[in-house]
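Participant: Pasting a structure below so you can have a look.
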Amino acid sequence: MKTEKWAIVTLSQDGVALAKRLAEHLDDRECHIYTKEKYANETTKIITTDISTFMGSISGAYQIICCIMATGIVVRAIAPHLKHKSSDPGILVMDTKGAFVISLLSGHLGGANDAARLVAKRLSAQAVITTGTDVKGTMAVDVLAQKIKCAIDDFTAAKDVTALILNGDPIALVNRENCDLDAVILPKNIETVADLTELTKYLGVIITTLDTKKAELPIPSVKLVPRKLVLGVGCRRDTPGERIIAAIQETLASLNLNVKGIKSLATIGLKAEEAGIIEACAFFAAKKVIIPNEMVQMVQSRFEGSDFVFKTTGLYAVSEPCGFVASGFGKCLREKQKLGGITLSVWLDEN
């Protein structure tokens, strides 16, 4: 697992002293301290632009940005660079005495709430957390999604259902995809039910599903999409990424499967640096999995082979063996599709 990266940003001498102390207490994180040149020392990096430009330049490089300065400065500095709660970093604000640590932005998905609690514990400070579900000791939809490793299909729908949870209204959870709930303590007003026919006493519903079909329900609903789809991918050399992306979208649409459920794209070592596959992985936020030739050779007899593929790769098949292995020998949802120099197969990772 990658080490979490923190930026600690300050604009004062007292702030630098606190930043150094904080970094020492976060030795299990990768911390970089930033400040203006006149306060810099051997432990810091220098801010060479105005604070707003600087905040924009680092917002994609760190999971957590802890600002030791006035809250107003931070709000004005980050405002032009905010995109969406699903992608913005967690932002913390601390006073220069280290008495308080505020979870300012991306408390749930960005991890700022947990980060604030961590800083408070290690520096004996007071965490300031204002998200409604945390204040009431309940759970937002985005937190539940994070805990069971799902993507949120529609953030507006998630907001509507979270409001019902916060209000104490009865909510049904239909776990169609058998997501692991063992380690999750659900609020008392969220109950698991077997299917969508049992909703008479509920005012909202959360559904774990890969299905894109719209459920016509009389109450607000939100879909949580588990990352369980593995695509075996083969392609001709230099196939453009946009063509691979379009092929994946079309294939999953034909199966009524949500692209947010893509976990990984699997291929062979010969295609490890194929720019189009790398671009597709980035587009779908999917992991690139390289299957060794030896593993492909062990299972390729299960699938239709090609002499042409053998001549170019030394293997009789690529897409299906790779998807089969990468999914943990999972269920095939779509056998190999030939799409103009691209081959795709779709698998369900049920591990």
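Participant: So which of 333, 257, 270, 315 is in contact with a Leu (Cβ under 6 Å, 6 or more places away or on another chain), among the aliphatic types (A, V, I, L, M) and over 22 Å from residue 86 (Cβ atoms)?
Facilitator: Criteria check complete, one pass: 333.
Participant: Continuing with the same structure: May I ask you to list the residues in the range 45-71 that are farther than 22 Å from residue 101 by Cβ, touching an Asp or Glu at 6+ places or on another chain (Cβ under 9 Å) and either among the polar types (S, T, N, Q) or not assigned by TED's automatic domain parsing to the domain that holds residue 98 (or both)?
Facilitator: The one that is farther than 22 Å from residue 101 by Cβ, touching an Asp or Glu at 6+ places or on another chain (Cβ under 9 Å) and either among the polar types (S, T, N, Q) or not assigned by TED's automatic domain parsing to the domain that holds residue 98 (or both): 48.
Participant: Can you name the residue in the range 2-53 that is touching a Ser or Thr at 6+ places or on another chain (Cβ under 6 Å) and part of a strand (DSSP E or B) and, of all such residues, is surrounded by the most Cβ atoms within 10 Å (Cβ to Cβ)?
Facilitator: Here the residue is 10.
Participant: Identify, by number, the condition in (1) under 27 Å from residue 18 (Cβ atoms); (2) in contact with a Ser or Thr (Cβ under 7 Å, 6 or more places away or on another chain); (3) surrounded by fewer than 23 Cβ atoms within 10 Å (Cβ to Cβ) that residue 116 doesn't meet.
Facilitator: Among (1) under 27 Å from residue 18 (Cβ atoms); (2) in contact with a Ser or Thr (Cβ under 7 Å, 6 or more places away or on another chain); (3) surrounded by fewer than 23 Cβ atoms within 10 Å (Cβ to Cβ), the lone unmet condition for residue 116 is (3).
Participant: If residue 290 satisfies every condition in (1) outside any helix (DSSP H, G or I); (2) touching a Pro at 6+ places or on another chain (Cβ under 9 Å) but one, which is the exception?
Facilitator: (2)
Participant: Only one of 199, 186, 252 is under 22 Å from the mean Cα position of the chain (by Cα), assigned to a loop (DSSP other than H, G, I, E, B) and of a type in the set (A, V, I, L, M, F, W, C); which?
Facilitator: Of the residues listed, the single one that is under 22 Å from the mean Cα position of the chain (by Cα), assigned to a loop (DSSP other than H, G, I, E, B) and of a type in the set (A, V, I, L, M, F, W, C) is 186.
Participant: A further question follows. Give the range 313-327 a look and list any residue that's part of a helix (DSSP H, G or I) and either in contact with a His (Cβ under 6 Å, 6 or more places away or on another chain) or not polar (S, T, N, Q) (or both), or say none.
Facilitator: Correct list: 320, 321, 322, 323, 324, 325, 326.
Participant: If you don't mind, another one. Just checking, which of 160, 169 is in contact (Cβ under 8 Å) with a residue 60 or more places away in the chain and either assigned to a loop (DSSP other than H, G, I, E, B) or touching a Pro at 6+ places or on another chain (Cβ under 8 Å) (or both)?
Facilitator: 160
Participant: Collect the residues in the range 64-114 that are touching a residue at least 40 places away in the same chain (Cβ under 8 Å) and either part of a loop (DSSP other than H, G, I, E, B) or under 17 Å from the mean Cα position of the chain (by Cα) (or both), keeping them in residue-number order.
Facilitator: Once the filter is applied, which keeps residues that are touching a residue at least 40 places away in the same chain (Cβ under 8 Å) and either part of a loop (DSSP other than H, G, I, E, B) or under 17 Å from the mean Cα position of the chain (by Cα) (or both), the range 64-114 yields 64, 69, 84, 85, 86, 96, 97, 98, 110, 111, 112.
Participant: Follow-up question, since we're still on this one. Give me a count of the residues in the range 307-335 that are surrounded by fewer than 22 Cβ atoms within 10 Å (Cβ to Cβ) and over 17 Å from residue 271 (Cα atoms).
Facilitator: 9
Participant: Please go through the range 233-282 and pick out each residue that is among the charged types (D, E, K, R), without any contact (Cβ under 8 Å) to a residue 60 or more places away in the chain, surrounded by 14 or more Cβ atoms within 10 Å (Cβ to Cβ) and over 16 Å from residue 326 (Cα atoms).
Facilitator: If the condition is that a residue be among the charged types (D, E, K, R), without any contact (Cβ under 8 Å) to a residue 60 or more places away in the chain, surrounded by 14 or more Cβ atoms within 10 Å (Cβ to Cβ) and over 16 Å from residue 326 (Cα atoms), then 274, 279 are the ones that fit.
Participant: Quick check on residue 286: is it small (Gly, Ala, Ser) and crowded, with 16+ Cβ neighbours inside 10 Å?
Facilitator: yes
Participant: Another question, then. Would you pick out the residues in the range 193-211 that are modelled with pLDDT of 95 or more and more than 15 Å from residue 166 (Cα to Cα)?
Facilitator: 207, 208, 209, 210, 211 - these are the residues of the range 193-211 that are modelled with pLDDT of 95 or more and more than 15 Å from residue 166 (Cα to Cα).
Participant: Exactly one condition in (1) under 30 Å from residue 159 (Cα atoms); (2) of a type in the set (Gly, Ala, Ser); (3) in a strand (DSSP E or B) is not met by residue 234; state its number.
Facilitator: Looking at each condition in turn, residue 234 falls short on (1).
Participant: Now, a different point. Take the residues in the range 119-152 that are assigned to a loop (DSSP other than H, G, I, E, B), surrounded by fewer than 21 Cβ atoms within 10 Å (Cβ to Cβ) and not polar (S, T, N, Q), then tell me which one is modelled with the highest pLDDT.
Facilitator: The residue in question is 125.
Participant: Mind listing whichever residues of the range 255-287 are farther than 19 Å from residue 153 by Cβ and not in a helix (DSSP H, G or I)?
Facilitator: 264, 265, 266, 267, 268, 272, 273, 274, 287
Participant: For the range 295-315, indicate whether the set of residues that are touching a residue at least 40 places away in the same chain (Cβ under 8 Å) and either touching a strand residue (DSSP E or B) at 6+ places or on another chain (Cβ under 6 Å) or in the same structural domain as residue 214 (by TED's automatic domain parsing) (or both) is non-empty.
Facilitator: So far as the range 295-315 goes, no, none of its residues is touching a residue at least 40 places away in the same chain (Cβ under 8 Å) and either touching a strand residue (DSSP E or B) at 6+ places or on another chain (Cβ under 6 Å) or in the same structural domain as residue 214 (by TED's automatic domain parsing) (or both).
The values are calculated or read from the model by the stated rules, or taken from the named source; none is laboratory data. Computed from a predicted model, the values in this text were never measured in an experiment. Counting neighbours? That spans all protein chains shown, and the Cβs are built from the backbone with ideal geometry, glycine included.
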